Amino acid sequence: MSTIHPLRLRAFITQIDSTGGPDACWTWRGDLYDGYGRLGRKGDQAHRVAYELMVRPIPAGMVIDHLCHNHDESCPGGSGCVHRRCVNPAHLEAVTQRDNVLRSPHTMPNRNAAKTECPQGHPYDEANTYSRRTPQGRARRECRTCRRERLARRAAA
Ligand SMILES: [Zn+2]
Ligand SMILES: [Zn+2]
Ligand SMILES: [Zn+2]
């Protein structure tokens with residue numbers, strides 16, 4: 001776990017905008033690097049520090065995933081992603097690098113190797129696919145068309 005000096009801790013806390021409340025994204029107002037908050041130019045990533053301070057030490061080999069990013073299907077991703085600078089510990093989760101990639105709605109590295117259609121025959125392409133977590137914490141691809149139809153059926157019932 002990275003240690004943090006009390007004065008740096010104070011500086012860290014004052015750079016968090018948590019005015020949106022406990023459920024909102026807490027925006028880092030300090031330095032950014034590739035969209036991620038940083039403690040100083042060469043410092044640690046702000047969301048990693050937030051996780052270690054407010055949740056627990058990050059286990060070796062794990063990366064911090066932004067759940068708010070995974071749940072926002074309209075986010076274009078990349079360095080313009082507003083979630084990268086979010087340091088709300090409720091939005092952060094330690095996952096393996098592999099899960100992190102699999103869970104992102106923006107990267108589907110296995111999409112060519114895996115099935116190309118949902119069970120109903122809708123294409124698993126970028127526009128029609130979102131990822132969801134199973135109760136076991138695994139990423140799973142889901143079909144947007146099927147979800148739409150499920151919701152429509154539920155609304156009609
Ligand atoms: Zn967030
Ligand atoms: Zn995002
Ligand atoms: Zn489908």
Any idea what Rg and Dmax come out to for the stretch 1-107 if you just take the C-alpha atoms, in Å?
-> 13.1, 38
For the pair residue 115 and residue 4, how long in nm is the line joining their label points, each one 7 Å along Cα→Cβ?
-> 4.4
Note down the nm distance, to one decimal, between modelled labels 7 Å out along Cα→Cβ at residue 79 and at residue 60.
-> 3.3
Excluding residue 70 itself, calculate the net charge of residues whose Cβ lies under 14 Å from the Cβ of residue 70, where each Lys or Arg counts +1 and each Asp or Glu counts -1.
-> +1
Within the chain, longest stretch clear of exposed GluC sites (Glu not before Pro) (DSSP loop, no more than 14 other Cβ within 10 Å) = 1-72
State whether the stretch 109-157 is rounded, prolate or oblate according to the following rule on the C-alpha gyration tensor (a ≥ b ≥ c being the square roots of its eigenvalues): a/c under 1.5 gives rounded; otherwise a/b larger than b/c gives prolate, and the remaining case gives oblate.
-> oblate
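A short reminder: the numbers here are calculations on the coordinates, not readings from a lab. Because the structure is predicted, anything quoted here is derived from the model rather than measured. Neighbour counts run over all protein chains shown; Cβ positions are idealised from the backbone, glycine included.
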